[in-house]
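To keep things clear, I will list the structure first and then write my remarks on it.
The values are calculated or read from the model by the stated rules, or taken from the named source; none is laboratory data. Just so you know, these numbers come straight off a predicted model, no measurement behind them. Virtual Cβ from ideal backbone geometry, glycine too; neighbours counted across all protein chains shown. These area figures cover heavy atoms from the full protein model, side chains too; ligands, DNA and RNA do not enter into them. Shrake-Rupley method; radii C 1.70, N 1.55, O 1.52, S 1.80 Å.
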Amino acid sequence: PVCAVNFKCLHELVKHDENGLVFEDSEELAAQLQMLFSNFPDPAGKLNLFRKNLQESAQLRWDESWVQTVLPLVTDT
């Protein structure tokens, strides 16, 4: 699970409030961190929900996706 600064294609990796949180500025990040760790290590907390959602997703890791999708476009085979 992550807190990630928002940028144009971030939604491809981070689904806000599903597998992490997206923030726009330092105040929003501070509020997110405070919320995530306020009851740590509560098994019913958001951090564990995000972790569970990530484990259940069949999404490729970034490096696996790059090798499968981009590498063939830039190498001679």
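When only residues in the stretch 1-18 that are part of a helix (DSSP H, G or I) and open to solvent by 60 Å² or more (accessible area, probe 1.4 Å) count, which is farthest from S57 (Cα to Cα)? I'd like the intermediate steps shown before the answer.
Of the residues in the stretch 1-18, the ones part of a helix (DSSP H, G or I) are 10-12.
Among the residues that remain, those that are also open to solvent by 60 Å² or more (accessible area, probe 1.4 Å) are: 11-12.
Numbers: H11: 15, E12: 13 Å.
Among residues in the stretch 1-18 that are part of a helix (DSSP H, G or I) and open to solvent by 60 Å² or more (accessible area, probe 1.4 Å), the one farthest from S57 (Cα to Cα) is H11.
When you check L21 against the structure, is it within 10 Å of P1 (Cα to Cα), touching a helix residue (DSSP H, G or I) at 6+ places or on another chain (Cβ under 9 Å) and free of Cβ contacts under 8 Å to residues at least 40 places away in the same chain, yes or no? Break it down stepwise before answering.
Values: within 10 Å of P1 (Cα to Cα): yes; touching a helix residue (DSSP H, G or I) at 6+ places or on another chain (Cβ under 9 Å): yes; free of Cβ contacts under 8 Å to residues at least 40 places away in the same chain: yes.
So L21 passes the test.
Checking L21 against (1) surrounded by 13 or more Cβ atoms within 10 Å (Cβ to Cβ); (2) assigned to a helix (DSSP H, G or I): exactly one of these is not met. Which one?
For L21, the failing item is (2).
Within the stretch 32-42, identify whether any single residue is in contact with a helix residue (DSSP H, G or I) (Cβ under 6 Å, 6 or more places away or on another chain) and not in a loop (DSSP other than H, G, I, E, B), and answer yes or no. Steps first, answer last, please.
Here is the first cut: in the stretch 32-42, the ones in contact with a helix residue (DSSP H, G or I) (Cβ under 6 Å, 6 or more places away or on another chain) are 36.
Restricting the remaining residues to those that are not in a loop (DSSP other than H, G, I, E, B) gives 36.
Within the stretch 32-42 (the criterion being in contact with a helix residue (DSSP H, G or I) (Cβ under 6 Å, 6 or more places away or on another chain) and not in a loop (DSSP other than H, G, I, E, B)), the answer is yes, since at least one residue qualifies.
Can you run down the residue pairs with Cβ atoms below 6 Å, 6 or more apart or on separate chains, where the first is in the stretch 44-69 and open to solvent by less than 80 Å² (accessible area, probe 1.4 Å) and the partner is at pLDDT 90 or above and part of a helix (DSSP H, G or I)?
Within 6 Å, the pairs are K46/L36; L47/L36.
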